[in-house]
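A.B. asks: Attaching a single structure in structure tokens format; questions to follow.
Read the figures in this text as sums done on the coordinates, not as results from a lab. The structure presented is a predicted model; accordingly, all values stated were derived computationally and were not measured. Positions of Cβ are generated from backbone atoms using ideal geometry, with glycine treated the same way; all protein chains shown enter the neighbour counts.
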Amino acid sequence: QKLKDWHDKEAIRRDAQRVGNGEQGRPYPMTDAERVDQAYRENGFNIYVSDKISLNRSLPDIRHPNCNGKRYLETLPNTSIIIPFHNEGWSSLLRTVHSVLNRSPPELIAEIVLVDDFSDREHLKKPLEDYMALFPSVRILRTKKREGLIRTRMLGASAATGDVITFLDSHCEANVNWLPPLLDRIARNRKTIVCPMIDVIDHDDFRYETQAGDAMRGAFDWEMYYKRIPIPPELQKADPSDPFESPVMAGGLFAVDRKWFWELGGYDPGLEIWGGEQYEISFKVWMCGGRMEDIPCSRVGHIYRKYVPYKVPAGVSLAR
């Protein structure tokens, strides 16, 4: 099968020339006025800072240098990108969408599906509809009541039309050439679930950097808390930029063949709010003859919130 270099050289050149607040993933120089509690209250990260950074901001290419020379299948499946959200900040949600549109080959994007889990903020109603009307590939679905992350994702997945479903969180930034390395693995084996490397966007100043230890495998402790552990020497690849197997995914960001996702039964609709779903899907894929891989040449930044800003319905224990 023919291989191709999927890098968008023109976009990379354009990004390299950008200067301004937060460009190249640099920290935003905060003032005391921007550090106030109010900036965090609604989102768990500093929305004042987010609002001052371009929706099209540039990011540092922190992939392993070998990724630059990698070529992927010339014919790749297309994907529906599912982005669930609940009361997400305006600029953080839009920057997620812009980063996907700016850094993905358009022929690989079947659609971007924003799934609103019963948000009550005004900016997520008509203003969002009007804004997204500018982008033919974006559509918005809305739940009729508060469903929680898992059922909201399931709504998006059941509406998806692409060959592959790619789930992202609503406060992410896709980095350079992030999509072809994911789709390439699925094209070669449709039963592979693939996860990008998740980089950290700081919740205060929005600087962009790798997680501590970078490439590690997913695991969990006996309290079911997700942990990242080093790859044992006997499983390390000669080329650290090559995909590697992982027992458990982090959960928020991954791609899966759409038909395979439903063959696995999707997610358990009894899962409330969030948490635990990554174990369910991870166990199922390994137990049903599939595999799960982390892909070092695919990187997506994620804002890890300072705290969870929304109310969980009374009587619901996430840890049950």
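A.B. asks: Run the dipole for the chain about the Cα centre, Lys and Arg Cβ at +1, Asp and Glu Cβ at -1, nothing else charged, and hand back the magnitude in debye, nearest 20.
C.D. replies: 480
A.B. asks: While we're here: Have a look at the DSSP beta bridges in the chain and tell me what percent are antiparallel, nearest 5.
C.D. replies: Looking only at bridges with both residues in the chain, the antiparallel portion is about 40 percent.
A.B. asks: In addition: Long-range amide H contacts for ILE295: which residues qualify at under 5 Å (H placed 1.01 Å from N, peptide plane, sequence gap of 5 or more or a different chain)?
C.D. replies: Amide H neighbours of ILE295, under 5 Å, 5+ apart: CYS195, MET197.
A.B. asks: By how many nm would the segment from VAL19 to LYS125 lengthen if fully extended, with 0.36 nm per residue of separation less the alpha-carbon distance?
C.D. replies: Between VAL19 and LYS125, full extension yields an extra 35.0 nm.
A.B. asks: Quick one: grab the alpha carbon gyration tensor of segment 1-147, order the square roots of its eigenvalues as a ≥ b ≥ c, and give me rounded if a/c is under 1.5, else prolate or oblate depending on whether a/b is larger than b/c.
C.D. replies: The shape class here is oblate.
A.B. asks: Okay, moving on. When N is the residue count of segment 223-276, what does its C-alpha Rg come to as a fraction of 2.2 N^0.38 Å?
C.D. replies: 1.47
A.B. asks: Could you give each residue of segment 119-127 its phi-based ³J(HN,Hα) in whole Hz, using Karplus coefficients 6.51, -1.76, 1.60 with θ = phi - 60°, and x for Gly or Pro?
C.D. replies: 5, 10, 7, 4, 5, 8, 9, 4, x
A.B. asks: Report the one residue of THR152, GLN278, PRO296 whose Cα lies farthest in the direction of the positive end of the charge dipole of the chain (charges on C-beta: Lys and Arg +1, Asp and Glu -1; origin at the Cα centre).
C.D. replies: Value computed over the given set: THR152.
A.B. asks: On to the next question. Please state the charge dipole magnitude for segment 57-153, taken about the Cα centre, from unit charges on C-beta atoms (+1 on K and R, -1 on D and E), reported in debye and rounded to the nearest 20.
C.D. replies: About 220 debye.
A.B. asks: Using the Karplus equation 6.51 cos²θ - 1.76 cosθ + 1.60 (θ = phi - 60°), what ³J(HN,Hα) coupling, rounded to whole Hz, does each residue of segment 169-182 give in order, writing x for Gly and Pro?
C.D. replies: Ordered by residue, 3J(HN,Hα) equals 7, 8, 9, 10, 9, 6, 9, 4, 6, 6, 8, x, x, 6 Hz.
A.B. asks: Something else: Can you tell me the dipole magnitude for segment 174-234 around its Cα centre, using point charges on the Cβ only (Lys, Arg +1; Asp, Glu -1), in Debye to the nearest 20?
C.D. replies: Result for segment 174-234 is approximately 580 debye, rounded to the nearest 20.
A.B. asks: Moving to a separate point now. For the chain, just say rounded, prolate or oblate: build the C-alpha gyration tensor, square-root its eigenvalues into a ≥ b ≥ c, call rounded for a/c under 1.5, and beyond that prolate if a/b exceeds b/c, oblate if not.
C.D. replies: Rounded is the answer for the chain, as its axis ratio a/c remains below 1.5.
A.B. asks: Something else about it: Specify which residue in the list ASN189, HIS86, THR143 is farthest towards the positive end of the charge dipole of the chain, using unit charges on the beta carbon of Lys, Arg (+1) and Asp, Glu (-1), about the Cα centre.
C.D. replies: With unit charges placed on the Cβ atoms, the residue in question is ASN189.
A.B. asks: Take the Cα of ILE12, step 7 Å along the line toward its Cβ, and report every residue of segment 144-181 whose backbone nitrogen sits under 15 Å from that point.
C.D. replies: It comes to 175-181, nothing else.
A.B. asks: By residue number, which cysteines of the chain lack any other Cys whose Cβ falls under 4.7 Å from their Cβ?
C.D. replies: CYS172, CYS195, CYS288
A.B. asks: Moving on. Assign one of three labels to segment 192-296, namely rounded, prolate or oblate, based on the Cα gyration tensor with a ≥ b ≥ c the square roots of its eigenvalues; rounded applies when a/c is under 1.5, prolate when it is not and a/b is larger than b/c, and oblate otherwise.
C.D. replies: Here segment 192-296 falls in the oblate category.
A.B. asks: Let me ask another. Could you work out [θ]222 nm for the chain from helices alone, using -39500 (n - 2.57) per DSSP H run of at least four and dividing by all its residues? Round to the nearest 500 deg cm²/dmol.
C.D. replies: -6500 deg cm²/dmol
A.B. asks: Here is a follow-up. Tell me the trypsin sites (Lys or Arg not before Pro) within segment 183-222 that lie in a loop according to DSSP and have at most 16 other beta-carbon atoms within 10 Å.
C.D. replies: Of the trypsin sites (Lys or Arg not before Pro), the ones in loops of segment 183-222 whose Cβ has at most 16 other Cβ atoms within 10 Å are LYS191, ARG207.
A.B. asks: Sticking with this structure for a sec: When you count, for each residue, the other Cβ atoms within 10 Å and take the mean per peptide, how do 200-206, 286-292, 171-177 rank with the highest first?
C.D. replies: Ranked by mean Cβ neighbours within 10 Å, highest first: 171-177, 200-206, 286-292.
A.B. asks: Holding the Cα-Cα limit at 22 Å, pick out from LYS9/LYS191; LYS70/LYS237; LYS2/LYS70; LYS4/LYS284; LYS191/LYS284 the pairs that are longer than that.
C.D. replies: Pairs exceeding the cut-off: LYS9/LYS191; LYS4/LYS284.
A.B. asks: Please grab the % of Cα pairs in segment 94-179 that end up more than 18 Å from each other.
C.D. replies: That fraction is 45 percent.
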